[in-house]
Amino acid sequence: MGRHFGDLAKMRHVITYTISPFEQRAFANYFSKGIPNVWRRFRASVFKWAPPVVITYLTYTWANRVHEQGKRKNISDIEKSAADE
């Protein structure tokens with residue numbers, strides 16, 4: 001039936017090892033090393049991405065508030081035009 005996917009090419013001086021999926025431990029050291037590593041990486045990078053996110057959010061909310069205020073009708077303009085007629 002031809003070659004299997006892992007045997008498509010032969011490379012010289014390259015040694016590969018495989019382990020059966022049944023012998024692997026999917027969650028080895030997950031709680032003891034995985035979660036602390038995620039926390040460490042988060043703390044190291046939060047000051048790189050948090051300020052732009054906060055500035056973008058504040059700018060977006062400010063612009064929406066100013067836009068909504070600009071859409072309102074000014075009552076004094078309506079009263080002046082009604083008095084002129």
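The values are calculated or read from the model by the stated rules, or taken from the named source; none is laboratory data. Here the structure is a predicted model, which means the values were calculated and not measured. As a convention, Cβ positions derive from the backbone with ideal geometry for all residues, glycine included, and neighbour counts pool all protein chains shown.
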Practice prompt. Determine which member of the set Ala9, Ala44, Ala26 is over 33 Å from the mean Cα position of the chain (by Cα), surrounded by fewer than 10 Cβ atoms within 10 Å (Cβ to Cβ) and either at pLDDT 90 or above or small (Gly, Ala, Ser) (or both).
Written response: Ala9
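May I ask you to verify whether Ser32 is over 23 Å from the mean Cα position of the chain (by Cα) and modelled with pLDDT of 90 or more? Talk me through it step by step, then tell me what you get.
On the way: over 23 Å from the mean Cα position of the chain (by Cα): yes; modelled with pLDDT of 90 or more: yes.
Here the answer is yes, as Ser32 does meet what is asked.
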Discussion item. Restricting to the stretch 15-63, count the residues that are assigned to a helix (DSSP H, G or I) and of a type in the set (S, T, N, Q).
Written reply: 6
